[in-house]
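What follows is a set of notes on a single structure, which appears directly below.
The values are calculated or read from the model by the stated rules, or taken from the named source; none is laboratory data. None of these values were measured; they are calculated from a predicted model. Cβ placement follows ideal geometry from the backbone for every residue including glycine, while neighbour counts extend to all protein chains displayed.
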Amino acid sequence: MLKKLFLLSSVLLIGVSSQAQFVLKATPFVILKNQVVNISGEFAIPTAPNFTFTIGLANNFVYKGELSDSLLILNNARSFKGLSIEPELKYYWAPRKNQFEGFYTGIFSSFRYSTSFYDEMFNVNGIQTPTNGSIRQNTLVSVVGLEIGYQFLLGPRKDIAIDLFAGLGSKHTIYNRYGYSLQNHSIESTSSNGIATRGNISVGYIIQ
């Protein structure tokens, strides 16, 4: 699913970027989303003047969904903290001279993927030794929701963008686990649902 979404986003980006200007943005305060920094591009859609399409990319800060057991040791060399891909569609209700300015509502989404490997251990008299068992966990966090925001354009040429936004959505997390255990650790795949909120500020520059 993640690969299909990335391919679709890439095709849309190529299509709109070849015809229109876009805003290159950075969203710095994303550590609560398990991200280091989010870099995104907001693209004007020539055939739909009130709409823009955004795609954001970020590297994850920590491994998501670590297994909590003192005898499962995270193998950093084999693990991958992962990436986040964040497509977004905005509708500007009263666009001014510039398509990227004003009040908007939209649909946002986020897909965060990571892979964690755990080496299983015995505990004999306080000494941990490998069992030759290991567990791999693939974690996918999917978020979809609605947002509102306002984007200001500043500077003599109106090419500096300040985007303030907030939103609410649903979150679905899947933990796919594989491996071999000699300590009867559960390798059953699990999932969970929750509520996702967003609220942040992005700073960008309009590329003509």
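So in the stretch 153-180, with the set limited to residues that are polar (S, T, N, Q) and surrounded by fewer than 17 Cβ atoms within 10 Å (Cβ to Cβ), which one is modelled with the highest pLDDT?
Here the residue is S170.
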With respect to E101, determine if the residue is of a type in the set (D, E) and under 26 Å from V30 (Cβ atoms).
yes
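Matching residues to (1) at pLDDT below 85; (2) part of a strand (DSSP E or B); (3) farther than 20 Å from N98 by Cβ; (4) of a type in the set (F, W, Y):
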site: A26; (1), (2), (3), (4): no, yes, no, no
site: I39; (1), (2), (3), (4): no, yes, yes, no
site: F43; (1), (2), (3), (4): no, yes, no, yes
site: P46; (1), (2), (3), (4): yes, no, no, no
site: T54; (1), (2), (3), (4): no, yes, no, no
site: A58; (1), (2), (3), (4): no, yes, yes, no
site: K64; (1), (2), (3), (4): yes, no, yes, no
site: L67; (1), (2), (3), (4): yes, no, yes, no
Can you give me the number of residues within the stretch 28-37 that are among the hydrophobic types (A, V, I, L, M, F, W, C) and either assigned to a strand (DSSP E or B) or over 26 Å from R198 (Cα atoms) (or both)?
2
Condition broken by P87, with the remaining ones in (1) assigned to a strand (DSSP E or B); (2) modelled with pLDDT under 85 satisfied:
(2)
Over the stretch 116-147, the set of residues more than 30 Å from S79 (Cβ to Cβ) and surrounded by 14 or more Cβ atoms within 10 Å (Cβ to Cβ) is E147
Could you please find all residues in the stretch 141-162 being over 18 Å from the mean Cα position of the chain (by Cα) and either polar (S, T, N, Q) or not in a loop (DSSP other than H, G, I, E, B) (or both)?
I148, G149, Y150, Q151, F152, L153, L154, I160, A161, I162
Has the stretch 171-180 got any residue that is among the hydroxyl-bearing types (S, T, Y), outside any strand (DSSP E or B) and in contact (Cβ under 8 Å) with a residue 40 or more places away in the chain?
no
Between I174, I187, which is within 15 Å of the chain's Cα centre (by Cα) and under 26 Å from M121 (Cα atoms)?
I174
